[in-house]
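Q: Handing you a structure now.
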Amino acid sequence: IGVVRHDRRAVDQELRQARARLLPSIDVRAAVGPEISHNGNTRSVSDGDDSRTLLRSEAELSLSQLLFDGFETQGEIERQRARVDSAARRVAEAAEFVALDAIEAHLEVMRAQRIVELNEDNVRQHESILGKVGRLEREGRGDIADVRQTEARLAEARNSLAIARGRLADAIATYIRVVGE
């Protein structure tokens, strides 16, 4: 957002430059230096040389005001205004994208937390069922195959819980990257 905001400031300055073309301008020019004059008026009688070195200086101050340039300046001002509007919208767009990313990251963390809670509940339920199936097998009313099948399902539930916790950690890392805390 900061980068886009700085780009907008640069475009604002270009608009100011375009508007400045309507203002009067002052130009100052000065020059000093040697000048060699070579003509009949500078001819020396004694040595016959007809050139003479003089010190020349000049200064100029001019004030100018644009009266009409075929609407070029007005067109440039309008073009720069449109660029400023576009840059302002890009700032808003960048802010909206960052906000959207933050909201998505927040929702993903909430979703991952809920999935971890459900997986933890699933593990507890499988542990409870394993206890019941184990008791039935010890009492002779069940068989060892049921116990092994329940143990396998509990292992799968624990595996799903571990995966869900990993996804939650990823979601939290994404949230921190997007939001900054």
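The values are calculated or read from the model by the stated rules, or taken from the named source; none is laboratory data. As the structure is a prediction and not an experimental result, all values here were calculated from the model. For neighbour counting, all protein chains shown are included, and Cβ atoms are generated from backbone atoms with ideal geometry for every residue, glycine included. Just so you know, the surface numbers come from the protein's heavy atoms only, side chains and all, with ligands and any DNA or RNA stripped out. Shrake-Rupley method; radii C 1.70, N 1.55, O 1.52, S 1.80 Å.
Q: How much FRET efficiency would the formula 1/(1 + (r/R0)^6) give for Ala30 and Gln65, where r is the Cβ-Cβ distance and R0 is 25 Å, rounded to 0.05?
A: Computed FRET efficiency for Ala30 and Gln65: 0.65.
Q: Then there is this: What relative contact order, as a whole-number percentage, does the range 8-162 give when Cα pairs under 8 Å and 6 or more residues apart are counted? The partial results should precede the final answer.
A: Working: 126 pairs, mean separation 32.4, N = 155.
Relative contact order, the range 8-162: 21 percent.
Q: Next up: Roll a 1.4 Å probe over the protein chains and send me the accessible area per residue for the chain in Å².
A: 75
Q: Next question. Can you list the chymotrypsin sites (Phe, Trp or Tyr not before Pro) in the range 58-164 that are in a DSSP coil and have 10 or fewer other beta carbons within 10 angstrom?
A: Numbers: sites: Phe68, Phe71, Phe97; in loops: Phe68, Phe71.
Listed in order of number, the matching sites are Phe68, Phe71.
Q: To continue, here is another question. Just to be sure I understand: with springs between alpha-carbon atoms less than 10 Å apart, which residue in Asp121, Asp27, Asp12 has the highest mean-square fluctuation in the Gaussian network model of the chain?
A: Its mean-square fluctuation being the largest, the pick is Asp27.
Q: Scan (i) 1.10; (ii) 1.18; (iii) 2.70 for the value of Cα Rg over 2.2 N^0.38 Å calculated from this model and give just the label.
A: (iii)
Q: Given the -39500 (n - 2.57) contribution per DSSP H run of 4+ residues, what per-residue ellipticity at 222 nm results for the chain, rounded to the nearest 500 deg cm²/dmol?
A: -25000 deg cm²/dmol
Q: With the calculation restricted to Cα positions, what are the radius of gyration and Dmax of the range 118-166 in angstrom?
A: Here Rg and the maximum Cα pair distance are 11.9, 40 Å.
Q: Go ahead and collect, in residue order, the members of the range 5-21 whose backbone nitrogen is under 16 Å from a label point 7 Å along the Cα-Cβ direction of Arg89.
A: 8
Q: Now for a different question. Might you work out the accessible area of Arg9 for me, using a 1.4 Å probe with all protein chains in place, and round it to the nearest 10 Å²?
A: Using a 1.4 Å probe on the heavy atoms, I get roughly 120 Å².
Q: Turning to a different aspect of this structure: Can you tell me which of Glu104, Glu127, Glu96 moves the most in a GNM of the chain? Springs connect C-alpha atoms under 10 Å apart.
A: In this elastic network of the chain, the residue with the biggest mean-square fluctuation among Glu104, Glu127, Glu96 is Glu127.
Q: While we're on this one: How high is the FRET efficiency between Val98 and Ile163 when r is their beta carbon distance and R₀ equals 25 Å, given to the nearest 0.05?
A: Plugging the Cβ-Cβ distance into 1/(1 + (r/R0)^6) gives 0.25.
Q: Follow-up question, since we're still on this one. Pick from Val11, Val28, Val84 the residue whose mean-square fluctuation is largest in a GNM of the chain, springs joining Cα atoms under 10 Å.
A: Between Val11, Val28, Val84, it is Val28 that shows the largest mean-square fluctuation.
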